[in-house]
1. Restricting to strands (runs of 3 or more DSSP E) lying wholly in region 153-209: which have 1 or more residues that are within 20 Å of residue 138 (Cβ to Cβ) and assigned by TED's automatic domain parsing to the domain that holds residue 131?
2. Looking at (1) without any contact (Cβ under 8 Å) to a residue 60 or more places away in the chain; (2) surrounded by fewer than 13 Cβ atoms within 10 Å (Cβ to Cβ), find the lone condition where residue 54 falls short.
């Protein structure tokens, strides 16, 4: 009884294997197609404390060749060029064979890929404290003068790519229109910082105090010329 069951089970396995082989030969024997796709680049495992500071192509143009059945079942959303950055040091790394980073089902081949390589630039992320300055625009209304101006905080910390932050010497507030002020004012003003690979750390607004006074000048009474002495 047991031997009969094993024999029948063995026959079923052979039959299943034969069907699978027939299906594979059928699929591989189909007329091959060639299809074009535009696929995105995915960066994985960016090293801690670093940032990518160069622009990568939005999409890579590829052409795939394979049996009609396989290409028909292929979902473009599942096609990615995945680049692993684990273990990389600061600097530029060239990935010269992008097709090696493309995962495809068996039976499908890449016939064209453009561009065929990309450069990835990594930089250290650093902090840098710089002065915060108010950006004043225009002039006070006639008869007023600015006596003093105070800004809090006096400094802010910029955090980001080392190369970009090296050129940052100060951070400015949004524009303050002096023509709209007619007396001492305390304003909450957003910061105006537009770093591509850096940002202001923890602070979004500045407190700006402007001491403004009326420009009252002492008037000296006019005197008429002295008449001749009698």
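The values are calculated or read from the model by the stated rules, or taken from the named source; none is laboratory data. All values reported here derive from a predicted model rather than from experimental measurement. Note that we place each Cβ from the backbone using ideal geometry, even for glycine, and neighbour counts take in every protein chain shown.
1. Where strands (runs of 3 or more DSSP E) fall fully within region 153-209 and carry at least 1 residues being within 20 Å of residue 138 (Cβ to Cβ) and assigned by TED's automatic domain parsing to the domain that holds residue 131, they are 171-177, 185-192.
2. (1)
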